[in-house]
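K.L.:
To start, I am sharing the structure in question, which I have written as structure tokens.
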Amino acid sequence: MQQPTPVTPGTPPLAVPLDPALRRALDDLADATGRRPEDIARDAVEAWMRDEEARVRGVAERLARAHAGLLRKLGE
């Protein structure tokens, strides 16, 4: 069984409404893996954030390269 991700003390919980089918699936997965639904959801959000941050960073880098000349001129 994986250890839960530590949470900063005093951080208020985030309530995320899930449709009943998704909640049942989350509960079933938690039961099958011996983990808490909250830990699975937190891990999913962390993974999504890493992926989304990498995607946004990639877009920003491509835009910066495509417009490098203009950005240099603006910086002058």
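K.L.:
Rounded to the nearest 500 deg cm²/dmol, what is the calculated helix-only ellipticity per residue at 222 nm for the chain, with -39500 (n - 2.57) per DSSP H run of length n ≥ 4?
P.N.:
After summing the helix terms and dividing by the residues of the chain, the value is -23000 deg cm²/dmol.
K.L.:
Got a number for carbon plus sulfur as a percent of the chain's accessible area, 1.4 Å probe?
P.N.:
On the way: 4050 of 6560 Å².
Carbon-and-sulfur percentage of accessible area, whole number: 62.
K.L.:
Given a 1.4 angstrom probe, what's the average accessible area per residue across the chain, in square angstrom?
P.N.:
86
K.L.:
Now for a separate question. Along each principal axis of its Cα atoms, how long is the chain end to end? Whole angstroms, biggest number first, please.
P.N.:
Computed over the chain, the largest-to-smallest principal extents equal 58, 30, 25 Å.
The values are calculated or read from the model by the stated rules, or taken from the named source; none is laboratory data. These figures come from a predicted structure and were not determined experimentally. These area figures cover heavy atoms from the full protein model, side chains too; ligands, DNA and RNA do not enter into them. Shrake-Rupley method; radii C 1.70, N 1.55, O 1.52, S 1.80 Å.
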